[in-house]
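Throughout, read-outs are computed from the coordinates displayed, never taken from laboratory work. Predicted model, so just to flag it, every value in this text is computed and none were measured. Reconstructed Cβ throughout: ideal geometry from the backbone, glycine too, with neighbour counts over all protein chains shown.
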Amino acid sequence: SGLFSYRGLQLLEAESSSGTQSPSAEVAAVAAAMNCSEQVRLFRDRADFSLDNVSSECLSSLNRYSPAARAAVGIALSVLTSGICLGNLLVIMSVGLVKKLQSSPSNFLIVSLASSDLLVGLLVLPTAIAYQLLGYFPFPDTACDFWTSCDVLLCTSSILNLCAISIDRYLVITKPFEYAVKRTPSRMAAMISCVWLLSACISIPPMLGAKEPFVPGNCGYSETFGYQIYATIGAFYIPLSVMLVLYGNIFKLARRMAKADEQQKLGGGLAEEPQAAATGKAEAEAGAAASVGSALKSLRRRNNNGRGRPAGRSNSDTKAIKTLGAIMGCFTFCWLPFFIMQISLAIWKKVTGSNFDIEKNVFDTFLWLGYVNSFMNPIIYAKFNRDFRTPFKHLLLCHCRSINERLRSQQYSEQYGLPSSGRGTSKRRLGAGPTGANAGAAAAISAAPGASGRAGRSVRRASDASLRRSRHQKAAENNNEQMV
């Protein structure tokens, strides 16, 4: 039993390395005499210990989970994979079906991001789930090369697409007129091509020989020091630095614009006070009914809603803070631990000459946390963009054929204050004008005796001002959504 032990195998390998013995044959003979626990220990601790040296009856022992935990992990990872595929497929279908989304060139970048994340869910995660649950890689070396190459290519393209989107947003805000002319579909296609070309440059080197020999049962990223530095810096640290700088500038500019807009609103409110007083005087002189006065007060409350609030900051400022925080926070939280671990392990091995013994569960947690970013991307970029939220709802309800008609109907309903009518809204109804408080005021004016005088005109002016202000506010909110 002393010979057929972990220490005995080390001594045997030392003798074979200096003599004429064949290491693989002797190691196989020693491994065959070990019990399952020793074989599992060797397989987990030594990257050069082949799965071929593990007996068939010991393969089930390579699984680290109990039956209940294995089922729970399998279900959780399967739900994550399904969510990645569904969410990113919704993004691609939305841009492919909705004409309004096709008119914005920046959405091509979002489609590229969704495509890379979708392919992660289709090509990478199923094999990763099998690897995670079995405890060993059950496929040959060609499958290992394909899987790791797809993993690096698609995850890198996802990160670089996020970086390209940040560059596009930054140019839209800092150079709106100059960049608007250059923001063409062909330029977006060039940016997307650069993203995928750079991703390929990072994923190809291991296929050209920058990797360790394949050991059956073990499949992982190349641990060559030069490649690890090259890949981690190119795939993460440079894009992260670019995104931090650009989104930091966008955040500062968003707050500056929000403050300027708030000051403009406060100034407009002060300027309208004399007009409100004159309106009240006209109402008194006209001697209109009490319902007219009530309508006027309702309109004034609506027009002055939000002015002079102690909160100070506008809704657009708060939305910009939340959106930028969600984008950068999610990206950094998901990928930073994994890339810190990767570059740290490479440096440790280079300095000490030995591998750092990191817990397998820690490595798997950081790796799957990076995959979670592909699940969060469609949620973040759709939740904070109204143009994607509504198509998602219609696609989930299988309204694919009539989606453009339904979106136009809903857009007109929100713009003019009309109630939504399901599939569509007639042209006569769309031209009926605003409802809500404005319609209530108009009805009060029509019902009140003698309301066609100066008080009626005052209400109509107030109603028109309220409608213009509402349209301006919605347009500003849409601009802020496109900005972030």
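Worth a mention:
- Stokes-Einstein translational diffusion, the stretch 88-230 - Kirkwood Rh over all Cα pairs, 1.002 mPa s, 20 °C, in µm²/s: 126
- Rh (Kirkwood; distinct C-alpha pairs) - the stretch 351-408, Å: 15.0
- Electrostatic dipole magnitude of the stretch 143-194 [Cβ: Lys, Arg +1; Asp, Glu -1; Cα centre; debye, to 20]: 380
- Note on residue 404 and residue 82: with the Förster distance fixed at 35 Å, the Cβ-Cβ geometry gives a FRET efficiency of about 0.80.
- Working from label points 7 Å from Cα in the Cα-to-Cβ sense, the residue 221 to residue 369 distance is 1.4 nm.
- Note on residue 356 and residue 332: with the Förster distance fixed at 25 Å, the Cβ-Cβ geometry gives a FRET efficiency of about 0.60.
- Placing R0 at 25 angstrom, the Cβ-Cβ distance between residue 204 and residue 143 gives a FRET efficiency of 0.90 after rounding to 0.05.
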